Amino acid sequence: MYSNEQLQQLFRYGCALTTNEQQAQDLLQDAVESCLRQPPNKQAALMSYTRTIMRNRFIDAARHQQRFPQDTIDDEQITLDMDVRMLEDIVIDENELDSLWALLEPLEREILFLWAVEEYSTAEIAIQLDMPRGTILSRLHRLRKRLQDQASGISTGGRV
Amino acid sequence: MKKPLNQAVKTKMSQHTLSAKHLSELQQRIQTSEVRPAVNHASRFKLAGLLAAVFFTALFTAMLLPHMDAPEKQSMVQLIANEVVKNHLNLKPLEVHTNDIDSLIHYFTQLDFLLRPSREVNDFKDRLMGGRYCSLQGITAAQLRLKTQTSSKANTLYQTEYRKAVFGPLPDIDRNQKPLVAWAKGIKVRIWVEKGVLFAMTDISQTNDK
C-alpha cells in the first residue's frame, strides 16, 4: 500500500507540522491506520489523503492544547502576481533556517514543506490544505516578509 | 553557506528519517491490516478455502524457496532501480557543478558517509559534472551526474550509506561479487556496494531493445 519512500515522506511532513520526531511518528501511525480502515477511492490519492488525515489529527490535538491558531485572512493588499515563486529568490543558510523553523507557525512550516519538498504550486497547496487560494497567498506574503525580516535580524545579530 | 530557501528546506527535512525498525514495524502493521478485512467478511466456506489456499501456498513456497532468490531482495532492488530512473528522467538542476570530488565532499556535509569514486565507474573524475542532495528509499543520498563516455548525455549515480536492514543484502564488489542489474522504464541500472557505500547507476548506453 505504501512504499518505504512514501512513509519517509509522510514522516517528514509530520516533522514539518510538529517539529518533533516522536509526535510525527505517532501522527503517521494514526493516519496510516485510519487509511487502512477507510482507504481513499483512488490509490493515486493515497499520499494526499494520508496527509489530510495527519493534518486534521494534528489540528485536533493542537486545538485541544490551544496551540494551532485559527487562520484569518489579512487585510493587507494581495497583488495578483503573488505566488509561491515569490519565495524563490530567498537565500538562507542552514543555521538561519534552523533558528527560524521553530519560530514559524505550523501552517507556515506546512506551506514551506509542500512548496519546497513536494514542489507544489500555490493552487496545489490550496487544494491540499482545503483553503481558499487567497488565504495561501496571504500566508505566503506574510511568510516572505517574516523570513526576510528574521533572516536579516539573525545576520545582523538583531532581534531573533 | 547560503542556498535557495527551497533547497535549504529540502535538506533540512531530509535529515528526518524513520528508523529501519519503525519502518519495518509500520510495514508489518500495514500488511496485517490489509489482510484482516477479507477474513472478517469471509463466510465459513470462504474462510476454509482461504486457509487451504494459505496452507498450500506456504507448502509450495517452502518447496520452492531454496531454488529462488529471496523475494524481498528482488523487490528492493527493483524499488531502488525505479527510484533512480525516476529521478534520472526528472533531471532536476544540480546544486553544485564541479568535476572535483573534493569540492563535492566539501558540499555534501549532511551525509553520513564519504563520497568516493568507484572501481566500477571508468574515468570517474573526468566524467563528473556535479551533484545534488536526494534520497534513496528514504535514506539521505547524493545524486551525482556523470557524462557518458560516448555521447553528450549523462548518467545518474546515487551514493548513500549502505544499511543492510533497509536495502537488504546487495553484492559487495570488495568481495568479488558482481553488481546487480535491474531495468526500469527501459533504462539499465547497476547496483552494488563498495567500501560500505551503496552505489546505483544508470547505464544509458544500453536500452531494453538491445
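Nothing in this text is a laboratory measurement; each read-out follows from the coordinates by a stated rule. In this text the structure is predicted, and so the values were computed from the model without any measurement. As a convention, Cβ positions derive from the backbone with ideal geometry for all residues, glycine included, and neighbour counts pool all protein chains shown.
Apply the Kirkwood formula to region B:91-162: the hydrodynamic radius equals the inverse of the mean of 1/r over all pairs of different alpha-carbon atoms; give it in Å with one decimal. Walk me through the intermediate numbers first.
Details: mean 1/r = 0.0809 Å⁻¹.
This gives a value of 12.4 Å.
How big is D, in µm² s⁻¹, for region B:103-210 by Stokes-Einstein at 37 °C and 0.692 mPa s if Rh is the Kirkwood radius over C-alpha pairs? Can you show the working numbers first?
Values: Rh = 14.3 Å.
The diffusion coefficient I find is 229 µm²/s.
How far is it, in nm, from the label point at residue B:112 to the one at residue B:175 when both lie 7 Å from their Cα along the line to the Cβ?
With each label point 7 Å from Cα toward Cβ, the separation is 2.0 nm.
Quick one: which of B:86/B:153; B:2/B:153; B:2/B:164 span more than 24 angstrom between C-alpha atoms?
B:2/B:153; B:2/B:164
Using Cβ contacts closer than 10 Å as the measure, can you line up A:111, A:125 from fewest to most? Display every interim value, and only then the final one.
Details: A:111 26, A:125 22.
Fewest to most other Cβ atoms nearby, the residues stand as A:125, A:111.
Label points 7 Å out from Cα along the Cβ direction at residue B:165 and residue A:121: separation in nm?
Placing both labels 7 Å beyond Cα along the Cβ direction yields 4.2 nm.
Name the residues of region B:76-117 whose amide N is less than 19 Å from a point 7 angstrom out from the Cα of residue B:195 along the C-beta direction?
Once the point is set 7 Å along Cα→Cβ of residue B:195, B:99-117 turn out to lie under 19 Å by backbone N, inside region B:76-117.
Using 7 Å Cα-to-Cβ label points, what is the residue B:86/residue A:89 separation (nm, one decimal)?
Label at residue B:86, label at residue A:89, 3.4 nm between them.
Counting only other chains, and only Cβ atoms inside 10 Å, what mean value do you get across the residues of B:127-134? Before the final figure, lay out the partial values.
Values: counts 0, 0, 0, 0, 0, 0, 0, 0.
For this peptide, the per-residue mean of nearby foreign Cβ atoms is 0.
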